[in-house]
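Enquirer: The structure that follows is given in the form of structure tokens.
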Amino acid sequence: MLRIGSFRSTHIMLAGMLVGMMLFMTACGGSSQSQAQLNQSKATLDQAIQHARSIGIPESALQPIIKKEQQLNSAGAPFSLFNEQPVTDYNTKLASNYQQLVTQTEAIVSSISDQYNVQAQQDLQFFQSSLSALQQRKVGNTQAFTAQYNKDSSLLAAAQYPKDYAAISNDARTATEALALSHTTLNQLNTFNTTIKKMKAALLDVTAMQTQYQNDLATFNIVTTSIEFQNLGTILNAQYQEAVV
């Protein structure tokens, strides 16, 4: 009988402990509504950060948000035995903090999108100016550059995200750099041609150099990239040095 009584007492104690643990866990978690609100707010923040990354927001711009979220994640809820109100209040405040970070993330996205948009417009304007200068000289592969400019203009009109504006800026800058090199290369062509004319006036045989010049001019009228202009410039420099010697 003693063993049976002891066994029953053990069961009663265990049951009491389980009930106490359930009450303790319920109290520690706060109200179910506040917990759901907290989970939703954190999920919304994580989604906002991921979206910002996917549209081209630099990681450096998001670091303050990410660091603050990590600080919030590491903060512990207050201990309150058999009273869920302090934890409920904590959950509500934490959810509000997450929501504030969502708002800040959206502000960062908006601000950087505007900055990238302005930069893309400026880069495209520089591209247009360089292209106009080449068109006025009526030399070079203006059709290819014009087509590229028109394409970038259309992309800018449809762009929405920083990564879109960044791609347009990069393309416009690359084209502007190529156009700048085209002006340098054209000056080299003109110098080479002037040298040939002077040599011809001096009754020197310039047949080979005239052929080189015509070939160089034909190449100049089809190339569109910086490396192509650089290569042509190297060839022209060597030809000029040979003519001078």
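Enquirer: Look at P78 and say whether it is modelled with pLDDT of 95 or more and either charged (D, E, K, R) or farther than 30 Å from I222 by Cβ (or both).
Expert: Taking the combined requirement at face value, the residue does not satisfy it.
Enquirer: Against the condition open to solvent by less than 50 Å² (accessible area, probe 1.4 Å) and modelled with pLDDT under 85, how does G30 come out, does it pass? Full working, then the answer.
Expert: Values: open to solvent by less than 50 Å² (accessible area, probe 1.4 Å): yes; modelled with pLDDT under 85: yes.
For G30, the condition - open to solvent by less than 50 Å² (accessible area, probe 1.4 Å) and modelled with pLDDT under 85 - is met.
Enquirer: I would also like to ask the following. Out of (1) β-branched (V, I, T); (2) crowded, with 18+ Cβ neighbours inside 10 Å; (3) closer than 27 Å to Q148 by Cα, what's the single condition that is false for V206?
Expert: Checking V206 against (1) β-branched (V, I, T); (2) crowded, with 18+ Cβ neighbours inside 10 Å; (3) closer than 27 Å to Q148 by Cα, the one that fails is (3).
Enquirer: Does T191 satisfy the criteria of being out of contact with any Cys (no Cβ under 6 Å at 6 or more places or on another chain), within 26 Å of A133 (Cα to Cα), hydroxyl-bearing (S, T, Y) and assigned to a helix (DSSP H, G or I)? Reasoning before the result, please.
Expert: On the way: out of contact with any Cys (no Cβ under 6 Å at 6 or more places or on another chain): yes; within 26 Å of A133 (Cα to Cα): yes; hydroxyl-bearing (S, T, Y): yes; assigned to a helix (DSSP H, G or I): yes.
Against the criterion (out of contact with any Cys (no Cβ under 6 Å at 6 or more places or on another chain), within 26 Å of A133 (Cα to Cα), hydroxyl-bearing (S, T, Y) and assigned to a helix (DSSP H, G or I)), T191 qualifies.
Enquirer: Among what's in the stretch 168-184 and is farther than 12 Å from T225 by Cβ and polar (S, T, N, Q), pick the residue that is most open to solvent (accessible area, probe 1.4 Å).
Expert: N170
Enquirer: Checking V87 against (1) touching a Cys at 6+ places or on another chain (Cβ under 8 Å); (2) open to solvent by 60 Å² or more (accessible area, probe 1.4 Å), which test does it fail?
Expert: For V87, the failing item is (2).
Enquirer: Determine, yes or no, whether D216 is out of contact with any Pro (no Cβ under 7 Å at 6 or more places or on another chain), part of a helix (DSSP H, G or I), open to solvent by 30 Å² or more (accessible area, probe 1.4 Å) and among the acidic types (D, E).
Expert: no
Enquirer: Tell me which residues, restricted to the stretch 184-234, are touching a helix residue (DSSP H, G or I) at 6+ places or on another chain (Cβ under 7 Å) and β-branched (V, I, T).
Expert: Listed by number, the residues that qualify are T184, T185, T191, T195, I196, V206, T219, V223, T224, T225.
Enquirer: Tell me yes or no: at least one residue of the stretch 128-140 is surrounded by 19 or more Cβ atoms within 10 Å (Cβ to Cβ) and more than 29 Å from N190 (Cβ to Cβ).
Expert: no
The values are calculated or read from the model by the stated rules, or taken from the named source; none is laboratory data. What you are looking at is a predicted structure, and each value in this text was computed from that prediction instead of being measured. Counting neighbours? That spans all protein chains shown, and the Cβs are built from the backbone with ideal geometry, glycine included. Just the protein is used for accessible areas: all its heavy atoms, side chains included, with ligands, DNA and RNA removed. Shrake-Rupley method; radii C 1.70, N 1.55, O 1.52, S 1.80 Å.
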